[in-house]
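The values are calculated or read from the model by the stated rules, or taken from the named source; none is laboratory data. Just so it is clear, the structure is predicted and the values come from calculations on it, not from any experiment. All Cβ positions, even for glycine, are placed from backbone atoms using ideal geometry, and neighbour counts span all protein chains on display.
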Amino acid sequence: MQNTFILEMETTPEVMKFYDEDTNTFSYVVKDPTSNSCAIIDSVLNFDAPSGKTSFEGADEIIAFINSNSLKLEWLIETHVHADHISAAPYLKSKLGGKIAIGEKVTIVQNVFGKVFNAGSDFAMDGSQFDHLFKDNEIYKIGNMNAIAMATPGHTPACMTHIIGNAAFVGDTIFMPDQGTARADFPGGDAKQLYKSIKALLSLPPQMRLFMCHDYAPNGREIKFETTIGDELANNIHVKETITENEFIKMRSERDKTLGMPRLILPSVQVNMRAGNFPEADDNGTIYLKLPINLF
């Protein structure tokens, strides 16, 4: 994987983070410094699994921020099909406009999990639920600012890192240096591919800022959301410069065998593969999510 694009490191986007404590997820509003245009990256819908109730506290906080600063929302970006939270993108779009977008390899995820959930012939597996599908190395605009969608598969086939000026939003590809890297054992995941994606990511300039999608505060430290390429190269416990591909694959494979399933994976994936939309209601007017038994 080679980086064929030209970075615009002199551009510093304005970044506002929002944290969902229940899922340890960071969402971001990323603003063009020369206009009022912005994007939202990895939004969260509040979801109470025991009751099946949804609410919009986190999304409403983002809406209030955008409205109070008179921002224009252009993009609602998903770095991948999340397995730990449900996207609030459709709700945010209904209030603010913008295009819901994800990497084009979402079709692989839809084909795998469409079968897992027996989604039926009404579920299109072509990514058409999203307004835009990013191609690898695609350049797009947020206002006057160029942004780049860089494919970084391995955690899932559809994972992308979004490089916006001197900031990169990495999804679940890599974590803070003391946390390491994402698992690669979900259907479609691949530890070797993840290693190659991370090495491509870490070939970016050392001063590039990296913004996390999650942090789990190992050893009781405070929650953190930002680091740099240079810090990851020097200190990441799973992929710093001295760690070989074979060492990483062995570590990742052994570690993944010890991990339980994410708490919200079953509701999250079947909603997020639909661009954050729930399945159609049954004939009684109620929406249902499926729970496959003994499949995982």
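Against the condition hydroxyl-bearing (Ser, Thr, Tyr), surrounded by 18 or more Cβ atoms within 10 Å (Cβ to Cβ) and touching a strand residue (DSSP E or B) at 6+ places or on another chain (Cβ under 8 Å), how does Thr54 come out, does it pass?
No: the conditions fail for Thr54.
For segment 168-188, which residues satisfy the criterion of being assigned to a loop (DSSP other than H, G, I, E, B) and of a type in the set (S, T, N, Q)?
Thr173, Gln179
May I ask you to verify whether Leu202 is under 17 Å from His80 (Cα atoms) and of a type outside the set (Asp, Glu)?
No.
Can you tell me which residues in segment 92-111 are without any contact (Cβ under 8 Å) to a residue 60 or more places away in the chain and not small (Gly, Ala, Ser)?
Passing the criteria: Leu92, Lys93, Lys95, Leu96, Lys99, Glu104, Lys105, Thr107, Asn111.
If you scan segment 17-34, which residues turn out to be surrounded by 14 or more Cβ atoms within 10 Å (Cβ to Cβ) and farther than 21 Å from Ala217 by Cβ?
Answer for segment 17-34, where residues must be surrounded by 14 or more Cβ atoms within 10 Å (Cβ to Cβ) and farther than 21 Å from Ala217 by Cβ: Val29, Val30, Lys31, Asp32.
Any idea which residue in segment 5-48 is nearest to Gly165 (Cα to Cα), counting only those that are of a type in the set (A, V, I, L, M, F, W, C) and modelled with pLDDT under 95?
Checked segment 5-48; the qualifying residue nearest to Gly165 (Cα to Cα) is Met9.
Among the helices (runs of 4 or more DSSP H) lying completely within segment 189-268, list those that include at least 1 residues that are over 20 Å from the mean Cα position of the chain (by Cα) and either farther than 19 Å from Ala151 by Cα or touching a residue at least 24 places away in the same chain (Cβ under 8 Å) (or both).
Filter on segment 189-268 gives 229-235, 245-256.
Tell me, which strands (runs of 3 or more DSSP E) lie completely within segment 126-167 with 3 or more residues that are modelled with pLDDT of 95 or more and within 18 Å of Gln110 (Cβ to Cβ)?
Here the list reads 132-134.
Would you say Ala83 is in a loop (DSSP other than H, G, I, E, B) and among the aliphatic types (A, V, I, L, M)?
So Ala83 fits the description; yes.
Let me confirm something: among Ser121, Ser37, Ser51, which residue is hydroxyl-bearing (Ser, Thr, Tyr) and touching a Lys or Arg at 6+ places or on another chain (Cβ under 9 Å)?
Ser37
Within segment 8-51, considering only strands (runs of 3 or more DSSP E) that don't extend past its boundaries, which have at least 3 residues that are touching an Asp or Glu at 6+ places or on another chain (Cβ under 8 Å) and not charged (D, E, K, R)?
It comes to 25-31, 37-41.
Kindly indicate which of Thr156, Thr181 is under 23 Å from Gln270 (Cα atoms), buried (at least 24 other Cβ atoms within 10 Å of the Cβ) and touching a residue at least 40 places away in the same chain (Cβ under 8 Å).
Checking each option against the conditions leaves just Thr156.
For every residue, the table says whether it meets (1) without any contact (Cβ under 8 Å) to a residue 60 or more places away in the chain; (2) of a type in the set (Val, Ile, Thr); (3) under 20 Å from Ile40 (Cβ atoms); (4) touching an Asp or Glu at 6+ places or on another chain (Cβ under 8 Å).
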{"position": "Phe113", "(1), (2), (3), (4)": "no, no, no, no"}
{"position": "Met125", "(1), (2), (3), (4)": "yes, no, no, no"}
{"position": "Ser128", "(1), (2), (3), (4)": "yes, no, no, no"}
{"position": "Glu138", "(1), (2), (3), (4)": "yes, no, yes, no"}
{"position": "Ala147", "(1), (2), (3), (4)": "no, no, yes, no"}
{"position": "Gly165", "(1), (2), (3), (4)": "no, no, yes, yes"}
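For segment 275-286, check the following and say yes or no: at least one residue is part of a helix (DSSP H, G or I), loosely packed, with under 15 Cβ neighbours inside 10 Å and in contact (Cβ under 8 Å) with a residue 40 or more places away in the chain.
For segment 275-286, residues part of a helix (DSSP H, G or I), loosely packed, with under 15 Cβ neighbours inside 10 Å and in contact (Cβ under 8 Å) with a residue 40 or more places away in the chain: absent.
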